[in-house]
1. List, in order, the whole-Hz ³J(HN,Hα) value for each residue of segment 70-84 obtained from phi through the Karplus relation with A = 6.51, B = -1.76, C = 1.60 and θ = phi - 60°; use x for Gly and Pro.
2. Checking the a/c ratio against 1.5 first, then a/b against b/c, what shape does the Cα gyration tensor give for segment 201-264?
3. How many angstrom lie between the Cα centre of segment 161-216 and the Cα centre of segment 1-71?
4. Each residue of segment 99-114 in turn: what ³J(HN,Hα) in whole Hz from Karplus with 6.51, -1.76, 1.60 and θ = phi - 60°, glycine and Pro shown as x?
5. Sort the following peptides by mean Cβ neighbour count (other Cβ atoms within 10 Å, averaged over residues), highest first: 73-84, 249-260.
6. Let me know the whole percent of all Cα-Cα pairs from segment 173-281 that are separated by more than 26 Å.
7. Once phi is turned into θ = phi - 60°, what whole-Hz ³J(HN,Hα) does the Karplus curve with 6.51, -1.76 and 1.60 give for every residue of segment 217-232, x standing for Gly and Pro?
8. Run down the aspartates and glutamates and flag those whose C-alpha is under 14 Å from the C-alpha of Lys17, throwing out any fewer than 8 positions away in its chain.
Amino acid sequence: MTFHIGPYFENLINWLKDSFPGFFDGIGSGLEAFIESFEFILGWLPPWAMIVLLTLLAWWACGWRNWGLALFSVAGFSLIYLMELWAITMQTLALVLTSTLVALAIGIPLGIYSGRSARGEKLVRPVLDFMQTMPAFVYLIPAVLFFSLGKVPGAVATVIFGMPPCVRLTTLGLRQVPLEAVEASNAFGCTPWQQLFKVQLPMALPSILAGVNQTIMLALSMVVISAMIGAGGLGEQVLRGITQLKIGMGFEGGLAIVILAMYLDRVTHALGSHSQQKQQG
């Protein structure tokens, strides 16, 4: 006796695609407009101006006395420009920013629901386990069926892959808020919304920012996989290096991804450290 669940899942995907074409077309159009807006903003300024802005952001995030990340930003992004990878790096950054914002817009409310409700955590946890353990390549199949080839299915697959850490760390941060602080807010007559926004979320902010950091890193790890379905960017550079056995081309694309990942990781980590220091103060 055998039983295959695959055909049932395939029938479900086909039914969703045939029954709600307008819904998926709307999501696809919205995500495409979002990505193109980021690409326009990032590509509007000349590269040298963007390098200055990114360096100033890193300098501000790490503190005006810390020059390390600022120097790395100048050197790293200048190297990307000299390797003639600036345009596709901005495409990758646009895709990562779009995917991260969508993942946070969905993940943080889910984390709040899970952190404030035991029943919510029981419902959300199995879904997160499924999302984290399912191979990333499997996400590409329904994404392509719903949204065809291009940047949109790459963004959708990246959102699914990158969302779980955001949800989990938001839940963890809320559950680690000291009980004394919650009881004090109740004693002062705070409403549930006031308690959430004025007590729990500020105290859970370091954990939430750690979730943001992890979401960005996972989004960058999907760059090459998304390139397999036409997402473009640095992933396409690496993929061409693999398929054409051009070691130098693949290495340059991978190096640009590493520089971008290190920059985003250090900036978000610095912002999280500042939030934690303010909280302790």
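1. Once rounded to whole Hz, the list reads 5, 5, 4, 5, 4, 5, x, 6, 5, 5, 4, 5, 5, 7, 6.
2. Since a/c reaches 1.5 and a/b is larger than b/c, the shape of segment 201-264 is classed as prolate.
3. With segment 161-216 and segment 1-71 each reduced to a Cα centre, they are spaced 25 Å.
4. 4, 5, 5, 5, 4, 6, 4, 8, x, 5, x, 5, x, 5, 4, 5
5. Details: 73-84: 16.5, 249-260: 19.3.
Per-residue Cβ counts within 10 Å, averaged per peptide and sorted highest first, yield 249-260, 73-84.
6. Numbers: 2554 of 5886 pairs.
Tail fraction, whole percent: 43.
7. Values, residue by residue: 5, 5, 4, 5, 5, 8, 4, 5, 5, 5, 5, 5, 10, x, 6, x Hz.
8. Reachable aspartates and glutamates: Asp25.
Here, each number is a calculation from the coordinates, and none is a lab measurement. Please read these numbers as outputs of a predicted model, since none were measured by experiment. Backbone-built Cβ (ideal geometry, glycine too); neighbour counts: all protein chains shown.
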